[in-house]
Number of protein chains: 4
Amino acid sequence: MPNANKVKTIAVLTGGGDAPGLNAVIRAVVRTALGHGLKVWGIKNGFGGMVENQFIELTDSSVAGILPRGGTMLGTTNRDNPFNYPQTEGGQVVYKNMSAQALDNLRRADIEALVVIGGDGSLRIASEFYQLGLPVVAVPKTIDNDIPGTERTFGFDTAVTVATDALDRLHTTAESHHRVMVLEVMGRYAGWIALHAGLAGGADCILIPEIPFKLDSVIAKIKERQQRGRQFSLIVIAEGAYREGGEMSVSFIVEGSHEKIRLGGAGEKLAREIEKLTGVESRCTVLGHVQRGGSPTAFDRVLSTRYGVAAVECIFDGAFGNMVALQKNRIIRVPITEIAGQANNVTLDNELLKAGRAIGICFGD
Amino acid sequence: MPNANKVKTIAVLTGGGDAPGLNAVIRAVVRTALGHGLKVWGIKNGFGGMVENQFIELTDSSVAGILPRGGTMLGTTNRDNPFNYPQTEGGQVVYKNMSAQALDNLRRADIEALVVIGGDGSLRIASEFYQLGLPVVAVPKTIDNDIPGTERTFGFDTAVTVATDALDRLHTTAESHHRVMVLEVMGRYAGWIALHAGLAGGADCILIPEIPFKLDSVIAKIKERQQRGRQFSLIVIAEGAYREGGEMSVSFIVEGSHEKIRLGGAGEKLAREIEKLTGVESRCTVLGHVQRGGSPTAFDRVLSTRYGVAAVECIFDGAFGNMVALQKNRIIRVPITEIAGQANNVTLDNELLKAGRAIGICFGD
Amino acid sequence: MPNANKVKTIAVLTGGGDAPGLNAVIRAVVRTALGHGLKVWGIKNGFGGMVENQFIELTDSSVAGILPRGGTMLGTTNRDNPFNYPQTEGGQVVYKNMSAQALDNLRRADIEALVVIGGDGSLRIASEFYQLGLPVVAVPKTIDNDIPGTERTFGFDTAVTVATDALDRLHTTAESHHRVMVLEVMGRYAGWIALHAGLAGGADCILIPEIPFKLDSVIAKIKERQQRGRQFSLIVIAEGAYREGGEMSVSFIVEGSHEKIRLGGAGEKLAREIEKLTGVESRCTVLGHVQRGGSPTAFDRVLSTRYGVAAVECIFDGAFGNMVALQKNRIIRVPITEIAGQANNVTLDNELLKAGRAIGICFGD
Amino acid sequence: MPNANKVKTIAVLTGGGDAPGLNAVIRAVVRTALGHGLKVWGIKNGFGGMVENQFIELTDSSVAGILPRGGTMLGTTNRDNPFNYPQTEGGQVVYKNMSAQALDNLRRADIEALVVIGGDGSLRIASEFYQLGLPVVAVPKTIDNDIPGTERTFGFDTAVTVATDALDRLHTTAESHHRVMVLEVMGRYAGWIALHAGLAGGADCILIPEIPFKLDSVIAKIKERQQRGRQFSLIVIAEGAYREGGEMSVSFIVEGSHEKIRLGGAGEKLAREIEKLTGVESRCTVLGHVQRGGSPTAFDRVLSTRYGVAAVECIFDGAFGNMVALQKNRIIRVPITEIAGQANNVTLDNELLKAGRAIGICFGD
């Protein structure tokens, strides 16, 4: 891995929601870069830190001990797009394009390349900056696993692990009490967490945004189990799943430039309907943010490390404008522009989905 | 431990909500009794199984491998009080006193003593049966730790462990995002889980039913932390905590003979108020039933085993009408009648509460 | 997945060492087969059960609740090859070919196809039976991940997770005490566990059987860290790793037809040498069998389920003599004969190995 | 908790072996002291840091985020007794009394009171310093739980949890393979870890230093299980357990002033003997240092926090020369001199031991 591009100074930032493995990527970027004699800046609090000039130098000591830790040592935010940046003027918040300021800040710190670790939103901003000439490399992060071009995003395995652990716990209660237990997991548009955790945790029904579910199918599954002497059922539902013909569980309010998502309580509603229609006690647990924090699994730490190293390799090769990605068990490079605005969803011919059907899981269709 | 009472046949049942350690108690009861040549019946689905004559013989094989498993191999239920038992007559549910039927079923199976593993509600029923002459011994179970007469109920350590693990996960997200994270834990009337998990998980505020909180105190704590450069805060709130002067979060509807609890979403409300008053993004996670299921901790398995053995010792000694209890690191016996209707709450002079104050935790007062 | 082959009765067995996920495969095989109206026999205690006619019918109830459990409900053994089967004659153990007896037992139970879940040794036996005309399908199991033709065997992710967790624990002791901590993990011939766990657990040196190590390199790494103010180091060593020019840590004694492995205590020796040469206190932990037991990770449960379903699909398609395998994130089929006697080792151009070097890990070369 | 003693500056150090919860105690000491306006010094690397003048000021920021972390942020060592301190003179190590130097260093930093967090050895040193006039308060730390005067030392619950988790994992392998699995846990002189983990993990035999075991009893237990159809057994053995009439597993070499312990491989020997005498495959796992590192359990974090607060309370009350201790669920004070040289061992009338016997566990006698 020679530094053909003779880069001397790089920066790294983390954008968007928290995901287990962010620190592991940062550590790999820093250690790889330092190993080649580069200087590395960390930009604090996502793209906002580019505008606000919040740079800290990252050394070997800065990243010591961070591998197993959740969160990001650099801070992050879901807001603060430099192309539409909130500024207070006369007591009011107005949104301005501060991208030139952000680029200028990088230039003054002699930063020649930027590693952006982020999800959908961050990739779009990275893509815009790239088109303005900034040498950018991206690392795909989202616990939802819905970024196209890569088989896995880091953070996903940890989220699935947390959800599976919750299912194991709910299982014993469901069984002891002859109840229906509903677990609502993350996944606004993509059902990957629900699909994997449902398979791993022995769910009887898995409901995902990609397959609008029929309540009748769910009820039929519960009754079929009762007839076989199984007095309990476990249901995993993605927060964005919705009933056929019904409204989607996830809706939006746009406030200023910020989307705010209003969740519909998909799981809670479902539990109430099941209880009414079957007479079986039903309870819902919403797992929420515990899925996105905490120490990453071994799998995610390895993947994060591979991504971090590969991102610096891109810089050495001058391969800018790319996202590093996992395909066929190898790290490859995918142009960010090919990904922007795209999504990676569960399709009906997905092998895991079919395996789920084969062992008798109901997907609500 | 000689069987001075010459009992030959006993039975065991689990009543009320699921708690990690139920199987461990059953195993200890069965193994101790079999070791003395007794016959042991398991009564299925709590007190309901007494009425319905759902008895199964428990052997060494029945309890093999159940020690680490959550739930109860006997099934349980929160309903089905034999003294007020639901029966369908002419398409309508009516409630009748079926206690004589229940006692008769025991008698016909030659059951000379009954071990009841249960919480508040089960202890009340056990007490009634005892007063009718049934030789009963009780084992205190509740994840809430609010049964008087004992320093610890089994299941509590596991619930605290699950809640602490969630706090560890939320901590990294709170820190990375500069957010307030609110964790709502179980505890309708008693704040033990919140108190212990809050101390173990590094909470900044702990809000419990015993101390109606002032919103101002919570806000002041968050702001004081901001001034010290801590951009995030962690808050643990028991489901039954409520604001001073406000309504309690937990209210009741009585339906037939069954109390139904309507929870007020204490945590969610609090998060919204904090966000409004401080401008800091705030998120709530409701941990729910994952606290009461799953494999018990080592601590709970040891405590459950001690309780199970001690319950059979009571039978051998003819010490009926007692609950086994932990006091001063020893298992002792407490008359059930002394406990019935009583509660064990966090008091203001509680040592853990004071330790929490000493390290700067805000309790909302 | 139509049953084109019109098979009516199948059997499943687990052979060789324990691995987390065995029960998950059995469950998927049984549920998929039952869903198509097949009868399923479980053969107890590996291939030995074929000879001894130890068959039990597997129903929906047999596999209820086994998904999260380690071990195998069918029992297994590392010995008992029907082609060289131990028999006591005149007080002495002699080895005989009992394969005809085994096949006969299957025939009498109308078993038309056999699913073998096993590692290297079991695959060889399966291959022999296949060549004798038995319709066999294999599922690759080994915590070592060294079966060729598949990117992942089930059980591997769990073993890596256990080893990583141990590294996290050792890390804090190493750091507090300024010590060298050596962790010896499984891997007689292949270094996959050491490589993955070492990356995930932040090891400074990773020593694997594929790269005979120079003690000087290890010492140099420890000293280089000291010069940077890091008073501790973490080393992961596979049990089969050995010093350049030295003897391999793993040697064999052949007893009857049974290989017996004598392990050389690779980790313990290394720790002593490091302490002598550097003066730094060094301690070794041998993780041993805790790596191969217990509840499988979510990843392994999903993979196991996919394998189980795919194995039954092979039967429906009449695609016998195959092992199901994971390649490029899909389940494919690989002829068993292509795999027999082959191994899957870490090569010098392995991407993870190179990523490890990039972040400064010493591989002893 | 008024500071009646008007202390203005205190120090804290951690001595002896690593134990989960050290950081939690430090945090509680620092936060409590800072809350009263004190200045707090941390002494690095145990008592050695007193001699070497390695003091760092501890602020609110120093202890942020350390609660869940294993190890000690201050460093520690098993050596370096100031009363017999290693010094290199003319290329040779000689041992000198450097206590005056140590005290002088404290005085020059205006340190008025010292909190010593440590085990047996550290308490002895603390006691000597106290007798020289240093206002000392001690916090009992050892994963072995063998300090007298307190029902629990912190770190113990975590060690038991790690050992129990290992037993759960070994259980499935033992059962699948019809093997005897031996787990060797820490405990040179006291069998508390073995006793608790054995009860929690469902061991069939528990062998502890306090009860020299008869091999015949162990073999008889294994055979009795076989006769009941249990083809496997689980044995927990403390590292210091030994066979009746045999040598103790733990012996000592005195080097300079340092005891060095030579462990006899109690578990490995036992496994070999069992295999020889029963013909059942037997395997041993030595858990080692993973028991003493890593994130503390919720229980240990709460206990550590209580201890830390109580230690500072002692200082405010001028109650020097005491160790804080847990008795009857309260934190009390015990004079260090009463404890020095004493041990807390499992006695034959211990309630847990008797509960173990009641459920059929063999203790080797």
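The values are calculated or read from the model by the stated rules, or taken from the named source; none is laboratory data. Here the structure is a predicted model, which is why all the values come from computation and not from measurement. Counting neighbours? That spans all protein chains shown, and the Cβs are built from the backbone with ideal geometry, glycine included.
Key figures
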| read-out | value |
| --- | --- |
| Test result for B:D110, closer than 30 Å to B:K6 by Cβ and touching a residue at least 12 places away in the same chain (Cβ under 8 Å) | yes |
| Members of region A:103-119 found to be in contact with a helix residue (DSSP H, G or I) (Cβ under 9 Å, 6 or more places away or on another chain) and either among the acidic types (D, E) or more than 21 Å from A:L38 (Cβ to Cβ) (or both), listed by number | A:E112, A:G118 |
| Qualifying residue in region D:295-303 (condition: among the small types (G, A, S), on the phi < 0 side of the Ramachandran plot, more than 14 Å from chain C (Cβ to nearest Cβ) and out of contact with any Ser or Thr (no Cβ under 8 Å at 6 or more places or on another chain)) | no |
| Residue within region D:304-327 that is of a type in the set (S, T, N, Q) and in contact with a Phe, Trp or Tyr (Cβ under 6 Å, 6 or more places away or on another chain) present | yes |
| Scan of region C:268-294 for residues that are more than 11 Å from every other protein chain (Cβ to nearest Cβ) and touching a Leu at 6+ places or on another chain (Cβ under 7 Å), ordered by number | C:E273 |
| Strands (runs of 3 or more DSSP E) (entirely within region A:126-224) containing at least 2 residues that are away from every other protein chain (no Cβ under 14 Å) | A:136-140, A:205-207 |
| Residues located in region A:304-346, provided they are within 14 Å of another protein chain (Cβ to nearest Cβ) and modelled with pLDDT under 95 | A:Q327, A:K328, A:N329, A:R330, A:N344 |
| Hits in region A:320-365 (condition: outside any loop (DSSP other than H, G, I, E, B) and in contact with a Pro (Cβ under 9 Å, 6 or more places away or on another chain)) | A:N322, A:M323, A:V324, A:A325, A:L326, A:V334, A:E338, A:I339 |
| Index of the failed condition, B:A358 passing every other in (1) buried (at least 23 other Cβ atoms within 10 Å of the Cβ); (2) within 12 Å of chain D (Cβ to nearest Cβ) | (1) |
| B:S217 vs. criteria on the phi < 0 side of the Ramachandran plot and either touching a residue at least 24 places away in the same chain (Cβ under 8 Å) or within 18 Å of the chain's Cα centre (by Cα) (or both) | yes |
| Residues being surrounded by fewer than 22 Cβ atoms within 10 Å (Cβ to Cβ), touching a helix residue (DSSP H, G or I) at 6+ places or on another chain (Cβ under 8 Å) and of a type outside the set (K, R) - total across region C:134-161 | 3 |
| Residues within region C:316-330 that are buried (at least 20 other Cβ atoms within 10 Å of the Cβ) and closer than 22 Å to A:G149 by Cα, tallied | 1 |
| C:G118 crowded, with 19+ Cβ neighbours inside 10 Å, within 30 Å of C:I274 (Cα to Cα) and away from chain D (no Cβ under 12 Å) | no |
| Candidates D:L303, D:L277, filtered to the one that is in a helix (DSSP H, G or I) and surrounded by fewer than 18 Cβ atoms within 10 Å (Cβ to Cβ) | D:L277 |
| Search result, residues across region D:232-262 that are more than 18 Å from D:A220 (Cα to Cα), in a strand (DSSP E or B) and either among the acidic types (D, E) or modelled with pLDDT of 55 or more (or both) | D:A238, D:V250, D:S251, D:E255, D:E259 |
| Selection count, region B:149-180, where residues are closer than 25 Å to B:F232 by Cα and in contact with a strand residue (DSSP E or B) (Cβ under 7 Å, 6 or more places away or on another chain) | 9 |
| Subset of region B:63-77 [of a type outside the set (A, V, I, L, M) and surrounded by fewer than 18 Cβ atoms within 10 Å (Cβ to Cβ)] | B:G65 |
| Residues of region B:104-124 satisfying the condition of being farther than 20 Å from B:V139 by Cα and hydrophobic (A, V, I, L, M, F, W, C) | B:A109 |
| Meets criteria (in a helix (DSSP H, G or I), in contact with an Asp or Glu (Cβ under 7 Å, 6 or more places away or on another chain) and surrounded by fewer than 23 Cβ atoms within 10 Å (Cβ to Cβ)) for C:E313 | no |
| Residue match in region B:30-40 (condition: at pLDDT 95 or above and on the phi > 0 side of the Ramachandran plot) | yes |
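Table: residues versus (1) hydrophobic (A, V, I, L, M, F, W, C); (2) buried (at least 24 other Cβ atoms within 10 Å of the Cβ).
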residue	(1), (2)
A:L13	yes, yes
A:L22	yes, yes
A:W41	yes, no
A:G49	no, yes
A:E52	no, no
A:F55	yes, no
A:Q87	no, no
A:Q101	no, no
